[in-house]
Amino acid sequence: SSASTFSPNIPATESTTVSAETQAPVQTEFLIGDTIKAENLQFTVTGTRTSPGGQFSKPQSGYEYLLVDVLVQNIGSEMESISSIGMFSLSDKDGYSYNAAFSDETKGSLDGAIIAGKHIRGELAFEVPVNGSYKLLIDPTVFGLSGAFMVDLSKKSTADVSLPDTMDTSSNVT
């Protein structure tokens, strides 16, 4: 009996090599001060602070408000929308999730439209257990942009952070 060998019929014109560029992993974990690019929007968490509450809002016992300062820049050529409720949430080390809360202690707003070439800056408030360790989830997919990113709120980037000189509230169109 004769031995037969299997040889697949692969056309010589097909290439099976993949360029190194397509292999590069997309960074999804960031630190305070890092600039995160999601298509036409750039997000930078500039810092955090805690609050026991204000005149009109107080967290429940054993909780505090974690206020997260975020700068969002529109680097595209068309207006872009953002939403503090739809785009941002918080998670702790055990995986529990926290949505943005109302606090009269926050500065600015992260809701509305950003004109091309402009930015807005505001604080997000989260009612969280005291002394926790948290990560901010930024999810611009609700507005059709790609990517979801985590910012470790316990660590600062060593990179130079360049923020716009002034808080331009005129770019927040409602």
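Where the accessible area of the range 92-148 is counted over protein heavy atoms with a 1.4 Å probe, how much of it, in %, is carbon and sulfur?
49
Calculate the length of the line joining the C-alpha centroid of the range 36-82 to that of the range 89-131, in whole Å.
Here the two parts' Cα centres lie 4 Å apart.
For S97 and S61, what is the calculated FRET efficiency with R₀ set at 30 Å and r taken between the beta-carbons, to the nearest 0.05?
Numbers: r = 21 Å, r/R0 = 0.69.
Step by step, r from the Cβ atoms, then E = 0.90.
Hey, which of these cross-link pairs are over 19 Å Cα-Cα: K93/K155; K107/K156; K58/K155?
From K93/K155; K107/K156; K58/K155, over 19 Å: K107/K156; K58/K155.
In the neighborhood of Y65, defined by Cβ-to-Cβ distances under 11 Å, what is the net charge if each Lys or Arg adds +1 and each Asp or Glu adds -1?
Charge balance near Y65 sits at -3.
Taking 0.36 nm per intervening residue step and subtracting the Cα-Cα distance, what contour gain separates S77 from K107 on full extension? If you can, show how the numbers build up before the last one.
Details: separation 30, 0.36 × 30 = 10.80 nm, distance 2.72 nm.
Additional length available on full extension: 8.1 nm.
Counting only other residues whose beta carbon sits under 12 Å from that of S133, what net charge do I get with K and R as +1, D and E as -1?
0
What figure in square angstrom, to the nearest 10, would you give for the accessible area of T158 with a 1.4 Å probe?
Approximately 140 Å² of T158 is accessible to the 1.4 Å probe.
So the label point goes 7 Å from the Cα of A116 along Cα→C-beta, right? Which residues of the range 65-98 then have their backbone N under 11 Å from it?
Of the residues in the range 65-98, 75-80 have backbone N under 11 Å from the label point off A116.
The values are calculated or read from the model by the stated rules, or taken from the named source; none is laboratory data. Everything quoted here is computed from the prediction, not taken from an experiment. No Cβ is skipped: glycine too gets one built from the backbone with ideal geometry, and neighbour counts run over all protein chains shown. The accessibility values were calculated without ligands, DNA or RNA, using every heavy atom of the protein model including side chains. Shrake-Rupley method; radii C 1.70, N 1.55, O 1.52, S 1.80 Å.
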